[in-house]
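First, the structure itself, so that you have it in front of you.
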Amino acid sequence: MQEEMVNTFTAKAEAVSAVVRKVSNMQQALEYAVKICDEKEACRLLLAGCELAVSNSAAELCQFSSGEKFIAAPGLDRDALTGLQALAKERDIKVVSSGLRKYASGLDMGLAVADLGLAETGTLVLECSSEDLRLSTMLCEINILVLPVSRMRTGTDEAEEELAAMMKNGSAYLSFITGASRTADIERVLALGVHGPLELHILLWEDD
Amino acid sequence: MLNADNIKEYLSEIEEALQNDFQRKTLDTFAVAYRTGRANAFSGMDIPGLVKDIARSKDDSLAEMDELYQQFKEKAQALGVHVHLAADAKQANEIIAGIAREHQCRNVVKSKSMTAEEIHLNVALEKEGMKIVETDLGEWIIQLRKEPPSHMVLPAIHLSRYQVADLFEKVTSKKQDSDIFKLVKVARRELRREYVQADMGISGANFAVAETGSLGLVTNEGNARLVTTLPRVHVALVGLEKLTPKLKDALLLLKALPRNATGQQITSYVTWLTGPSECKSSADGKKVMHIVFLDNGRRKLSSDKNFSQILRCIRCGACANVCPVYRLVGGHKYGYVYIGAIGLVTTYFFHGRDKARLLVQNCINCGACKEVCAAGIDLPGLIKDIHARILDEEGHPPRSKLLAMVLKNRRLFHMLLRNMRFAQLPFADAKARYVRHLPSIFMKGQDFRKLPVLASTAFRDKWKSVKPNVSRPKLKVGLFSGCAVDFIYPEQMEAAVKVISKGKSIAQDHPEKQTCCGLPALMMGEKDAARETARQNIEAFASSGSDYIVTLCASCAAHLKYGYPKLLEGEKGLEQKLKAFTDKVMDFSSFVRDVMRISPMLFRKTVQKVGYHSPCHLCRGLEVREAPRANINLVHEYVPTAEEEVCCGFGGSYSLNFPPVSRTLLAGKMANLRAGGISAVGTDCPGCVMQIRGGMARAGIDIEVKHVAELMAEQLK
C-alpha cells in the first residue's frame, strides 16, 4: 500500500520534471544537497544575468561576487543545520538561515523539510508562515525538499482534515509545491524557473 | 478588446484577425494539443461525476453568498485581516487606492487577477500616481504592450517570441535574443527588482474558504508567492462567487481547475493564506492584509434562477480552448475583458449591454464549450438567452421580427417556402441544383460555397406517394423532417423512409401539421416564436401516436429533445405532452442501429473509402458518436479523418451573419476531409450537407457529400 503510494508520488513528481531520490536519514539528505550544490555552477541566474541583456538596474541587484555559493536553510532544526554547516564548509559553500530578503537576486539552493506529501499529484505541502522559509523556496535556483515517507498521503481527499486543521491552528501560509516554477506564456513553450526555482529535488526520507 | 460599434465594423475586425497568420497557427496548434493534454490529465477520473459535484457545490455556495461572506469576514477579522465589500468597480478601486494612501504605498506588484482586469484596477491606481507592475509573465508582456489579455490563462498567447524580444529591448535598453528560455530569464531578473522595490502586493484569489477565512491562489510561476511575501501590504481582490463553505469545496474545484485549464494535474504552486503572515519589511513584523470582495452585480446574479450558473465559473478558460470561433479570431475579438464563451455571457452582466451586443451574436452554437465546462454551465443556452434579452431591451430588428411573425404561422411559412423556389429559379444554374447568383443583398460574403435551390416538391407534398403500406404494424415512427430536409433535401427523407421500411412491421407517419423546430428563431433571439413553433410540433405529434419521433437533422433533434423542455418549462397543462414528445425524439442513425438493429445482410458493402463529419448537435447535443460511423461502415469502408467533431461552420443563420468565420471553418473542414483520401463523406444533418457540399462544389473538389440515410439507401439490396 505504502509502496504503491510512493511509486505514484514518484511517477507524478517526475512527470513534472522533479528529481526524486530516496534517503534513509537526514544526514544523507544533507550530503545530497551539498553535493548537488557543489556540482552546480555558482548562481547560474547571476551568471546568466550578467551574460544576458538585463537592464543596468536589474544587473545591480547582484551584490555578491561571482563564485560564492549559498544554501538557504531557514527551516532546519538545530542538529540538521549544524550538520549542514559542517558539510558545506568543506566545499566552501555558505549556509544562510535568516535575513533572506537580502538575497532577492538569487540563491543557489533552498533546503527544507516538507510537512506532507500528496501522492496523486506528486505534491509537497509546506507550512511556511516564516517569511524566510517562503523566500528560501522561491529565491533559490534548486529547491530541495525532504519528505518523511510517514508524512505521505494519497491525495487531497485523505489529507483534507489535516490541512484544514493546519489552517485553523495558525498556519498563516501554506504552500502546495509541485515541480519547479514554470511558465508557458511565450508561444506556449514550457520554460522552468520563471520566478522561482529552476529545479525541484525531492528526497524521500524513509523514516519508519 | 472589442472596439466595433456595429456589426459591419465587427466583421471587418474579424476579417483582419483572420489575416493574423501567427495567431491562427498558434491557436490551431493549441486547440489540437489541448484535447490530448486535457484527456491525459483527467485519465481514470469520472469527469461527468466531477462536473456534477462542482455544479452542486458552487450552486450551494452561491445560494448562501451573503452568509458565507459574513462568516469569512468574522474569521478573517479575528485573525487581523481588514475585510471590505465593494458594491461595484468604482468602489473597489477607491477602496484599494485608499489602502495605498493610508499605508503610503507607491509601488505595486501584482499577480494575475481577472477580477482586477474586470474593474480596470491598474488604470485607476495609475491615475493615483502609483506604479503597477504585473508579475505573471504573460500579464507583464501585455501590460508593456498596453493590451488586454487575449486568454484567461494564457494572456499573451497571441504574441510571438519576436514581438516579446522587441518589447524586452525597450524595457532593458539592450539588444535581445529571441530565444524563449533567455527571454524568460530576462523577465525573471527584471521582475525580481520590482518585487524588492514594491510596498504593496495585489493578488486575486481562486478560492475564499469561509470556515477558516483562508484564500487559495493557484499559480504556475510562483509569482503570487513573492507578491504576497515581499511587500509589506497585501491586498487581495476577490469576486464574491469565490466563497466556499469549507476547504473541502475548494479542494474539489482544485481537482478540475488545472486539469481543465492547461491539462496539468495540479499547478506548480497552490498557496493558502489564512490571515496575515510574518513580513519583515513591516513595522510590527506582520503583513498588513486587506481583502476586498467584489459584488459588481454578483449578489443580484446569484439569485437569478437562470443566470446564476454563470457564477459557477472557475476561470479555467477551457471554453475558449475548444471554441472554433475563438480559435480563428483570438481573444481580442472574442470578448471584452473576459473572453471565450463565458466572456460572451459575463460581459453583459459585468460590463453592460453596449459591450455585449455584438459579442453574443458571434456564437455558432456548436456546444463545444458546454461539453468541456468544468462547472456544467449551459454556455450556448445562456448566450442565446442574453441575445434575446438584449433584443427585448432594445427592440427586435425588422428582419428578425418578420421571421418570428412568419414562423408562428405554419401555413404562411410553408406557402412562402413553396413560392420561394419560383423566385429562386431565375438565379439557379442549369441543373437547378445550386443558386447561381443572387442579388447582392442576399449574397454578401456568401460566395465561399454554393447554396442549393429549393426542391421542386417538398417532402410534405410527396409524403402520400412515398408512404409505405404496413399491415398490422408493431411499431410506429413519426418522421420529423425539419425545414431543410422538407424543402431543400426531400430525397434525404425519402432515403430514410426506404431504410426504415426494411424493418419488420414498422409503420411510418409524417404529421402534416409539423413545422420548423424553432431553433432558427431562438438563434435570432426570437423566443416567443420559438415557443409557438414548439407548441405546434408537440401538438402535431401528439395526435399521431408514434412510438418514436425520428429526424434526419441533428440540430432539430437536439432542440426538440433538450431545447423544448427549457423553452416550455412551467407551461401549464403541457408537462405530460412535452415529456411524451421529448422522450420519443431520436436521430436517424441511432434509430436504425439501436432500435431497428438493422442487419448488414440488407446492404451491398463496397470498398469505397468514405469519411464522416460529426454534426455538433449530434455528437455533443445528443452524445451520439458511434451509430453514424457504424452505419457508414455497414455500406462502405469508413475512414476516420482529422477533427471530425469540429464544426463545419454552418450554424444556421450564423453563417449568413458571420460569413468570414463560416468560410474559414469550412475551409478547415474541407482540408481535413481532403487529407483523408476519401471519395465521399457522410453526415447526419442537412445543414452540414448544405455547407460542406456547397463548399466542395464551389472549390471544384470531387468529394461527394451525403446524408448517412442516403448512403445507406443507395446500397440496399
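The values are calculated or read from the model by the stated rules, or taken from the named source; none is laboratory data. All values reported here derive from a predicted model rather than from experimental measurement. All Cβ positions, glycine included, derive from the backbone under ideal geometry; neighbour counts span all protein chains shown. These area figures cover heavy atoms from the full protein model, side chains too; ligands, DNA and RNA do not enter into them. Shrake-Rupley method; radii C 1.70, N 1.55, O 1.52, S 1.80 Å.
Under unit Cβ charges (Lys, Arg +1; Asp, Glu -1), what dipole magnitude, rounded to 20 debye, does chain A have relative to its Cα centre? Display every interim value, and only then the final one.
On the way: 19 positive and 32 negative charges, 118 e Å.
Result for chain A is approximately 560 debye, rounded to the nearest 20.
Same structure again: Would you mind classifying the stretch A:55-208 by shape? Square roots of the alpha carbon gyration tensor eigenvalues, ordered a ≥ b ≥ c; an a/c under 1.5 is rounded, otherwise it is prolate if a/b is larger than b/c and oblate if not.
Oblate is the answer for the stretch A:55-208, as a/c is 1.5 or above yet b/c matches or exceeds a/b.
Once both labels are modelled 7 Å past Cα along the beta-carbon direction, what's the B:GLN77-B:ASP429 spacing in nm?
7.5 nm
Under 4.7 Å Cβ to Cβ, no partner at all: give me those cysteines from chain B, in residue order.
Within chain B, the cysteines lacking a partner Cβ under 4.7 Å are B:CYS105, B:CYS279, B:CYS313, B:CYS316, B:CYS323, B:CYS363, B:CYS373, B:CYS483, B:CYS516, B:CYS619, B:CYS648.
Any idea how far the Cα center of the stretch B:560-581 sits from the one of the stretch B:368-413, in Å?
The stretch B:560-581 and the stretch B:368-413 have Cα centres spaced 18 Å from each other.
Can you list residues from other chains, or at least 5 along the same chain, whose modelled amide H is less than 5 Å from the amide H of B:ALA428?
When sequence neighbours closer than 5 places are left aside, the close amide H contacts are B:ARG436.
If you take the square roots of the eigenvalues of the alpha-carbon gyration tensor of the protein assembly as shown and sort them as a ≥ b ≥ c, do you get rounded (a/c under 1.5), prolate (a/b over b/c) or oblate? Provide the component values of the computation, followed by the final result.
Details: a/c = 2.16, a/b = 2.03, b/c = 1.07.
Because a/c hits 1.5 or more and a/b exceeds b/c, the protein assembly as shown counts as prolate.
Could I ask something else about it? Which order do peptides B:628-634, B:317-323, B:113-119 fall in by mean Cβ count within 10 Å, highest first?
So the order, starting with the most tightly packed, is B:317-323, B:113-119, B:628-634.
Still on this structure: How large is the dipole of the stretch A:143-208 about the Cα centre if only Lys and Arg carry +1 and Asp and Glu carry -1, each at its Cβ, rounded to the nearest 20 debye?
It comes to approximately 280 debye.
What ranking do B:339-351, B:469-481, B:170-182 get when scored by the average of other Cβ atoms within 10 Å per residue, highest first?
Ranking, from highest mean packing down: B:339-351, B:469-481, B:170-182.
With the Cα gyration tensor of the stretch B:1-127 giving a ≥ b ≥ c as the square roots of its eigenvalues, does the rule (a/c under 1.5 for rounded; else a/b larger than b/c for prolate; else oblate) give rounded, prolate or oblate?
Verdict is oblate for the stretch B:1-127.
In addition: What's the center-to-center distance, using Cα atoms, between the stretch B:240-312 and the stretch A:79-113 in Å?
Between the Cα centre of the stretch B:240-312 and that of the stretch A:79-113, the gap is 34 Å.
How much length is gained if the chain between B:GLU626 and B:ASN409 is pulled fully straight, taking 0.36 nm per residue apart and subtracting their Cα-Cα distance, in nm to one decimal?
Between B:GLU626 and B:ASN409, full extension yields an extra 74.4 nm.
Can I ask one more? Answer with one residue from B:GLY482, B:LEU144, B:ASN40: the one whose Cα lies farthest towards the positive end of the charge dipole of chain B, charges on Cβ with Lys, Arg +1 and Asp, Glu -1.
B:GLY482
Add -39500 (n - 2.57) for each DSSP H run of 4 or more in the protein assembly as shown, then divide by its residues: what number comes out at 222 nm, to the nearest 500 deg cm²/dmol?
That calculation yields -13000 deg cm²/dmol at 222 nm.
Tell me, what is the FRET efficiency for B:LYS513 and B:VAL607 to the nearest 0.05, using R0 = 51 angstrom and their Cβ-Cβ distance as r?
After rounding to 0.05, the efficiency reads 0.70.
So which lysines can B:LYS584 reach, going by Cα to Cα under 22 Å and dropping same-chain residues fewer than 8 places off?
List returned: B:LYS467, B:LYS474, B:LYS476, B:LYS498, B:LYS502, B:LYS504, B:LYS513, B:LYS561, B:LYS566, B:LYS572.
While we're looking at this one, here's another question. For chain A, take the longest principal axis of its alpha carbons; what is the angle in degrees between that and the long axis of helix A:156-168, to the nearest 10 within 0 to 90?
70 degrees
Quick one: if you stick a label point 7 Å off each Cα along the C-beta vector at B:ASP461 and B:SER160, how many nm between them?
5.6 nm
What angle do you read, to the nearest 10 degrees and between 0 and 90, between the alpha-carbon axis of helix A:78-90 and the longest principal axis of chain A?
Once rounded, the angle reads 40 degrees.
Then there's this: With a 1.4 Å probe on protein heavy atoms only, tell me which residues of the stretch B:158-173 lose at least 10 Å² of accessible surface in the complex relative to the chain by itself.
Buried on complex formation: B:LEU159, B:ARG161, B:VAL164, B:THR172.
Please list, in order, the residues from the stretch B:447-479 whose amide nitrogen is less than 16 Å from a point placed 7 Å along the Cα→Cβ vector of B:ALA580.
B:476-478
Based on DSSP, what percent of beta bridges with both residues in the protein assembly as shown are antiparallel, to the nearest 5?
Details: 29 of 101 bridges.
Here the share of antiparallel DSSP bridges comes out near 30 percent.
Under 5 Å between amide H atoms, partner at least 5 residues away or on a different chain: which partners does B:VAL624 have, H built in plane at 1.01 Å?
Excluding prolines and chain starts, which carry no amide H, the hits are B:CYS619.
As I understand it, the value is the acute angle between the Cα axis of helix B:89-102 and the longest principal axis of the Cα atoms of chain B; what does it come to in degrees, rounded to 10?
Helix B:89-102 sits roughly 20 degrees off the main axis of chain B.
I would also like to ask the following. Whole-Hz ³J(HN,Hα) for each residue in the stretch B:689-694, computed from phi via Karplus 6.51 cos²θ - 1.76 cosθ + 1.60 with θ = phi - 60°, x for glycine and proline: what do you get?
Calculated HN-Hα couplings, in order: 4, 4, 5, 6, 4, x Hz.
Then there is this: At a Förster radius of 41 Å, what calculated FRET efficiency corresponds to the Cβ-Cβ distance of B:ASP177 and A:ALA11, to the nearest 0.05?
0.70
Let me ask you something else. Using alpha carbons only, how many angstrom separate the centre of the stretch B:134-150 from the centre of the stretch B:652-694?
36 Å
Percent of accessible area on the stretch B:567-634 owned by carbon and sulfur, 1.4 Å probe?
On the way: 1750 of 3300 Å².
Looking at the stretch B:567-634 in its full context, I get 53 percent from C and S.
May I pose another question? Would you please put B:695-704, B:147-156 in order of how densely packed they are, using the mean number of other Cβ atoms within 10 angstrom per residue and starting with the highest?
Top to bottom by mean Cβ count within 10 Å: B:147-156, B:695-704.
State to the nearest 20 debye the size of the charge dipole of the stretch B:107-153 about its Cα centre, where the only charges are +1 on K and R beta carbons and -1 on D and E beta carbons. Kindly include the intermediate steps, with their values, before the conclusion.
Working: 6 positive and 8 negative charges, 26 e Å.
Roughly 120 debye, rounded to the nearest 20.
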